[in-house]
Amino acid sequence: MDPWRGLARKAASGDREAMRRLIDAVTPSVLRLARAILGSGSPDADDVVQDALLALVRALPAFRGDCTVLHYACRIAVHKAVLTRHRRAQREDRLAGLEATRADSDALPDEPVMATCRRALVRGLLDDLPHEQAEALALRLVLGCSIQEIADATGAPVNTVRSRLRLAKEALRERIEQDPTLLEMLEVTG
């Protein structure tokens, strides 16, 4: 039973108060996901949340109820966050070409350095994947979506989702196995 389905129907039909209450209800989960995918200190997190909530508002009339409203909002947030990560990575690559000596440190004074490095490595590994593979992997690992749920969220056939997940895992495994530093930093055991 979805506690917000009736609220979503009212919001989709133009009830402004229902829309406000629905947005208030889903925002904390959307924000947590954006921070998990982008990093807790990411300056893009608030923009991703806003984009995801706007996309939810626009998508509500098409919501069929195949999942809960919260899950629907979270899938939209994951999509927006992964897209933002890829755009940010592309932007940073262009800037890196212009700035030969750029110091890059994600470490916060109160945060363990190894944990920060591991998160940065994992994010970097995801950024190296094609967008569709990274999105499928994030939906699977961050949200715990089933393959069918990922197919529904992305509009891809189930076998395509399986292939994207398999290719993403293979690419990550290969990259990690080729780099002894990654093996050590991620504490991956054979």
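We did not get these values from a lab; they are worked out from the coordinates using the rules stated. Note that this is a predicted model, so its numbers are computed, not measured. Positions of Cβ are backbone-derived with ideal geometry, glycine not excepted, and every protein chain shown enters the neighbour counts.
Values as computed for the structure displayed
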{"quantity": "Radius 12 Å from Cβ of Asp47, net charge of other residues (Lys, Arg +1; Asp, Glu -1)", "calculated": "0"}
{"quantity": "Ellipsoid semi-axes in whole angstrom, largest first, where each is sqrt(5λ) of the Cα gyration tensor of segment 9-51", "calculated": "26, 9, 7"}
{"quantity": "Gain upon complete extension [Ser146, Gln90; 0.36 nm per residue less C-alpha separation]", "calculated": "17.2 nm"}
{"quantity": "Pair Ser13, Gln50: separation of 7 Å Cα→Cβ label points (nm)", "calculated": "3.1"}
